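The values are calculated or read from the model by the stated rules, or taken from the named source; none is laboratory data. Predicted model only: the values in this text are computed from it and were never measured. Quick reminder, even Gly has a Cβ in these numbers, built from the backbone with ideal geometry, and neighbours come from all protein chains shown.
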Amino acid sequence: MIARAKTDVATKETASHEAAWFCSPDEFPRREEPACAASSEGPAPADRVRSAAHDKGPAVQAPWFERRLRRQRDFQALREQGVSRAHPLLVLRTTPNKLAYSRFGFAISRRIARRAVVRNKLRRRLQDLVRRAPVQGGWDMLFIARTAAPTATFDELQQALANVMERAKVLTPPDGTGGE
């Protein structure tokens, strides 16, 4: 019975190529080789590759991944030497750094929200708000979420973040001078 089914399938006519979803290999010419693959020079040497954070200039804007606090000693320095500004939704600890750009860290404890999904959502919201904020360069900032933060709306978090950043004097002034 299985052999008979196979012969029935093989004897049926196949659909024409005109109704096919994808093109045959002969319809379109092959893509040209990318310029970097055709070059015999190879990749650029490592000494010529530099990020925007290493360039000198008045308005250095490092990529977001370079602006995150990662090392334990940076977090520890903020906890020990940082100046704190509190709001019912979050706490901001700041300390000056010797860089041309500001760096940010986020602390959302398991005590705030047991589920990782909730903690990650709150962290992503805070990161998005900080990316949008006109922050002066030269600061390390640690945002510590409080118990009410996971249930707050995006607008409430935005107001809280603006409040603590204004009180910490880390926002760029409206006149754009960048100083106090």
>> Out of the helices (runs of 4 or more DSSP H) lying entirely within segment 65-177, which hold 2 or more residues that are touching a helix residue (DSSP H, G or I) at 6+ places or on another chain (Cβ under 9 Å)?
In response: 116-132, 154-167
> When you go through V117, V91 one by one, which is the residue that is surrounded by fewer than 13 Cβ atoms within 10 Å (Cβ to Cβ), over 22 Å from P174 (Cβ atoms) and either touching a strand residue (DSSP E or B) at 6+ places or on another chain (Cβ under 9 Å) or aliphatic (A, V, I, L, M) (or both)?
Replying inline: V117
>> Anything in segment 95-117 that is of a type in the set (V, I, T) and within 12 Å of A145 (Cα to Cα)? List them, or say none.
In response: I108, I112
> Does segment 126-146 contain any residue that is in contact with a strand residue (DSSP E or B) (Cβ under 8 Å, 6 or more places away or on another chain), among the basic types (K, R) and surrounded by 19 or more Cβ atoms within 10 Å (Cβ to Cβ)?
Replying inline: no
> Within the set of pairs 6 or more residues apart or between chains, which connect a residue that is at pLDDT below 90 inside segment 156-180 to a residue that is surrounded by 14 or more Cβ atoms within 10 Å (Cβ to Cβ) and assigned to a loop (DSSP other than H, G, I, E, B) with Cβ atoms less than 8 Å apart?
Replying inline: V170/S102; V170/Q136; L171/A133; L171/Q136; T172/Q136; G178/Q136; G178/G137; G178/T172
